[in-house]
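See structure below.
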Amino acid sequence: MSDSTPSRADLEAQVAEVTRQLTALREEVAQLRAQLELRDRAVGLLDEALTLQATADPLTGLFTLREFRHRTLAEWGRFKRHQRPLSLLLVGLDRFERIAALHGQECGDTVLQGIGAIFRAKQRRHDVDCRYGSAEFALLLPETTLEQAFLVAGQVRRRIEEARFPCRDAELRVTASVGVANAPGQHPLSDEALLRLAEAGRLRAARDGGAQIVAVDPLDPERVLRRDASPAEA
């Protein structure tokens with residue numbers, strides 16, 4: 001009867017084979033983990049892209065109007081709870097349609113991108129800005145009085161007036177009409193009323209020649225409460 005006990009060489013071969021299989025399995029598990037990490041990273045990037053697409057204007061990088069309204073409601077809730085001043089700027093580019101008519105839509109987009117950069121550069125951490133219309137922008141200023149809002153509006157207007165927007169063989173310049181509205185503590189204004197007042201100021205500034213900042217009287221929107229004009233327009 002033959003001896004069926006495995007030899008040492010057979011045992012070493014079996015151990016080597018098991019070790020090889022375990023090594024291969026570990027490598028396969030590591031590859032699967034890496035694939036899962038890549039998938040999770042891709043899903044995260046896709047979520048970020050979708051969120052950005054839903055909340056940011058692709059041309060200017062500012063918030064969309066929908067996201068701005070959402071954040072305005074949140075700020076208005078804080079304003080009512082704490083009764084701290086809240087201001088709003090509406091900024092319209094004067095005679096902007098002439099740029100596209102004379103130089104083309106590409107140059108118009110270049111100007112809008114530059115305006116977006118100006119807003120992002122001037123924004124405080126808690127301010128909320130958006131592209132409000134085709135050539136209009138909004139800036140919500142929490143914890144800001146009317147006097148302070150005029151200072152911010154003046155800075156924004158000057159930055160816009162001083163900017164140069166090169167496109168093709170042209171160096172474009174624009175001015176802005178700014179409407180300012182303020183809701184001081186314990187003020188009965190609603191968020192929609194605040195928006196209407198800022199819009200009334202912007203329209204009045206544009207109607208009176210542009211390149212100026214206007215706040216209208218909450219009790220009589222036809223009456224100018226305060227006006228700051230560009231030196232060239234004063």
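The values are calculated or read from the model by the stated rules, or taken from the named source; none is laboratory data. None of the values given here were measured: they were computed from a predicted structure. With ideal geometry, Cβ positions are generated from the backbone for all residues, glycine too; neighbour counts draw on all protein chains shown.
Observations on the structure shown:
- Test set (1) outside any strand (DSSP E or B); (2) in contact with a Leu (Cβ under 7 Å, 6 or more places away or on another chain); (3) surrounded by 22 or more Cβ atoms within 10 Å (Cβ to Cβ); (4) at pLDDT 95 or above - VAL180 fails condition number: (1)
Matching residues to (1) at pLDDT 95 or above; (2) aromatic (Phe, Trp, Tyr); (3) within 22 Å of ALA56 (Cβ to Cβ):
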site: ALA121; (1), (2), (3): no, no, yes
site: HIS126; (1), (2), (3): no, no, yes
site: THR145; (1), (2), (3): no, no, no
site: ALA153; (1), (2), (3): yes, no, no
site: ILE160; (1), (2), (3): yes, no, yes
site: ALA170; (1), (2), (3): no, no, no
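- Some residue of region 183-201 being among the acidic types (Asp, Glu), out of contact with any strand residue (DSSP E or B) (no Cβ under 7 Å at 6 or more places or on another chain) and modelled with pLDDT of 90 or more: no
- For region 47-65, the set of residues classified as surrounded by 11 or more Cβ atoms within 10 Å (Cβ to Cβ), modelled with pLDDT of 90 or more and either not in a loop (DSSP other than H, G, I, E, B) or not aliphatic (A, V, I, L, M) (or both) consists of ALA56, ASP57, THR60, GLY61, PHE63, THR64, LEU65, listed by residue number.
- Restricting attention to region 111-163, the residues being assigned to a helix (DSSP H, G or I) and over 17 Å from the mean Cα position of the chain (by Cα) number 16.
- Check on ARG71, surrounded by 10 or more Cβ atoms within 10 Å (Cβ to Cβ) and modelled with pLDDT of 85 or more: yes
- Residue within region 121-128 that is surrounded by fewer than 16 Cβ atoms within 10 Å (Cβ to Cβ), aliphatic (A, V, I, L, M) and out of contact with any Ser or Thr (no Cβ under 9 Å at 6 or more places or on another chain) present: yes
- Residues that are under 19 Å from GLY179 (Cα atoms), in contact (Cβ under 8 Å) with a residue 40 or more places away in the chain, touching a Cys at 6+ places or on another chain (Cβ under 8 Å) and among the aliphatic types (A, V, I, L, M) do occur in region 65-87.
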